[in-house]
1. For region 243-256, name all the residues that are under 21 Å from the mean Cα position of the chain (by Cα), loosely packed, with under 15 Cβ neighbours inside 10 Å and modelled with pLDDT of 90 or more.
2. Among the residues of region 330-358, count how many are open to solvent by less than 30 Å² (accessible area, probe 1.4 Å) and in contact (Cβ under 8 Å) with a residue 60 or more places away in the chain.
3. Within region 302-329, track down each residue that is within 17 Å of the chain's Cα centre (by Cα) and open to solvent by 40 Å² or more (accessible area, probe 1.4 Å).
4. From the list L156, L114, which one is out of contact with any Pro (no Cβ under 6 Å at 6 or more places or on another chain) and over 30 Å from L50 (Cα atoms)?
5. Show the residue pairs meeting these rules: Cβ distance below 7 Å; 6+ apart or different chains; first residue within region 290-312 and touching a residue at least 60 places away in the same chain (Cβ under 8 Å) and β-branched (V, I, T); second residue part of a loop (DSSP other than H, G, I, E, B) and open to solvent by 10 Å² or more (accessible area, probe 1.4 Å).
6. Could you check S162 against (1) at positive phi; (2) at pLDDT 95 or above; (3) open to solvent by 80 Å² or more (accessible area, probe 1.4 Å) and say which number it fails?
7. With respect to the numbered conditions (1) in contact with a helix residue (DSSP H, G or I) (Cβ under 9 Å, 6 or more places away or on another chain); (2) open to solvent by 40 Å² or more (accessible area, probe 1.4 Å); (3) outside any helix (DSSP H, G or I); (4) of a type in the set (A, V, I, L, M, F, W, C), which one is the sole condition not fulfilled by V414?
Amino acid sequence: MTSALPSATFRDPAGSLSFEDDLVVRRIGPAARGPVLEFLESPFCRRLQLRGLIVAPHKQEKPARHRRQHTKIPIPTYPWEWTPTQWLAAAELTLNLCEEAIADGWVLKDATPLNVLFTATRPIFVDILSFERRDPNSSIWLAYGQYIRTFLLPLLMDRLLSWPLSLTLFKRDGYEPADCYAALGWGRRLTRAAFWPITLPALLDRRKTAAAQKPAAQNPASRLQSPEIVTAVLERTLHALRRRTRRAAAASAPSNWSEYQGTLTHYTPEQSRQKLAWVRQALETSLPQRVPGRVLDIGANTGEFSALAAEMGAEVVALERDQASADRLFAMARQRSLAIQTIHADIARPTPAVGWRNAESSALLPRLEAQFDLVLMLAVIHHLILMEQIPLPEILALAHRLTRRHLLVEWVPVEDPMYQSLMRGRDTLYGALSEADLLAACAGRFHTLARQPLDNGRVLLLFDKIA
């Protein structure tokens with residue numbers, strides 16, 4: 001596996017970021033030290049840190065005042081692994097911070113989702129170099145265009161044309177209005193949602209070449225004399241962006257999997273209660289008593305068992321590949337204030353390392369490796385076998401790398417109606433798989449701690465990792 005940590009950043013001339021053990025180290029460039037240190041030592045910055053809205057780096061010894069460090073967020077995620085509601089939460093944090101900054105004489109010079117990470121359901125702004133003193137006479141927010149490209153347009157195109165938010169992995173600086181315009185038909189180009197952020201900029205862009213040949217004229221509105229009017233214009237701009245972003249981030253449409261729990265036919269209510277009770281008992285066995293345990297729920301769906309683990313005091317990472325299910329999971333966890341971090345990703349096709357030399361954003365699996373006291377794979381293995389053609393030994397090898405202690409599996413037998421529906425006539429390949437094959441794949445990796453057959457023929461197994 002590649003490194004769980006990205007390499008040092010290099011794009012921002014104001015400074016760089018690197019990792020030392022469990023610490024994030026921010027080095028402030030010589031030209032930016034005065035303004036950045038002024039911000040870090042300001043009452044405004046301290047207020048944001050006390051509210052948990054931005055990271056709270058502390059300075060190192062006096063000879064290295066240009067260095068700041070803070071504890072690494074355990075499992076960082078990237079925008080291409082977020083649900084629409086997570087995108088909206090990150091966007092609103094960015095706009096709220098900028099609005100508060102403007103009122104205090106500061107401004108955000110950057111507005112990209114890459115400046116935000118999540119701890120459970122809470123977004124936190126991590127780029128301390130993004131704040132600067134604002135010009136009291138300018139009503140232009142310089143990060144406005146970047147916000148449109150990196151926040152608003154991805155959300156809008158996900159809603160209008162179902163462009164997956166995961167595509168932003170290939171669009172570091174977001175979508176250009178002209179590209180979105182070309183993909184839309186005239187019916188959508190003229191809608192209220194698309195006309196202002198897409199159609200109008202695309203049409204104006206066609207005149208850019210001719211305009212560039214003329215001497216640039218100072219826009220009088222951008223150099224207003226009254227600081228009060230300037231502030232009011234900036235606040236109105238942010239309010240409009242917030243309103244448009246909320247419209248763009250429409251709720252995910254239901255999917256087959258997001259409605260799965262309500263349409264179960266292979267579980268009676270009593271069997272569901274039996275399963276829930278046994279999983280609860282397994283969690284009590286697996287989680288440490290003195291510190292919060294960590295649980296990885298693979299194929300979490302809308303989060304029934306993630307919520308159970310979180311209610312028992314665990315810090316949970318819920319991995320779900322269906323966007324609608326993951327979005328509901330995140331919304332549920334936020335509403336109930338549960339310590340669940342949602343990752344919209346596919347364990348069979350995990351996020352790769354990307355960026356310059358594949359080292360700016362790390363791959364998903366290294367970020368998860370050996371981070372958990374318990375890994376849940378409830379009714380997941382048969383999907384990996386039948387839909388992805390992953391052999392059992394490979395699945396157990398991955399589980400061995402992800403867990404520090406325990407693995408909880410729900411084994412779905414060949415006779416199960418869900419197994420049959422996914423087998424699709426491939427009986428020769430998959431029609432003879434049994435629990436014995438699962439146990440054989442565990443040899444040298446796990447030994448069985450507990451086994452619970454369910455009345456519907458499925459089997460719950462709790463394994464202990466062999467070091």
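The values are calculated or read from the model by the stated rules, or taken from the named source; none is laboratory data. Model, not experiment: these values are computed from the prediction. Reconstructed Cβ throughout: ideal geometry from the backbone, glycine too, with neighbour counts over all protein chains shown. Areas reflect the complete protein model, heavy atoms only, side chains present, ligands, DNA and RNA absent. Shrake-Rupley method; radii C 1.70, N 1.55, O 1.52, S 1.80 Å.
1. Those that are under 21 Å from the mean Cα position of the chain (by Cα), loosely packed, with under 15 Cβ neighbours inside 10 Å and modelled with pLDDT of 90 or more: R246, R247.
2. 11
3. The answer is E315, R321, Q323, R328.
4. L156
5. Here the result reads I298/I347; I298/V380, each pair linking region 290-312 to a residue that is part of a loop (DSSP other than H, G, I, E, B) and open to solvent by 10 Å² or more (accessible area, probe 1.4 Å).
6. Here S162 clears every test but (2).
7. (2)
Per-residue answers, yes or no, for (1) open to solvent by less than 50 Å² (accessible area, probe 1.4 Å); (2) in contact (Cβ under 8 Å) with a residue 24 or more places away in the chain:
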{"position": "R134", "(1), (2)": "yes, yes"}
{"position": "Y144", "(1), (2)": "no, yes"}
{"position": "I148", "(1), (2)": "yes, yes"}
{"position": "P154", "(1), (2)": "yes, yes"}
{"position": "S166", "(1), (2)": "no, yes"}
{"position": "D173", "(1), (2)": "no, yes"}
{"position": "G187", "(1), (2)": "no, no"}
{"position": "R192", "(1), (2)": "no, no"}
{"position": "F195", "(1), (2)": "no, no"}
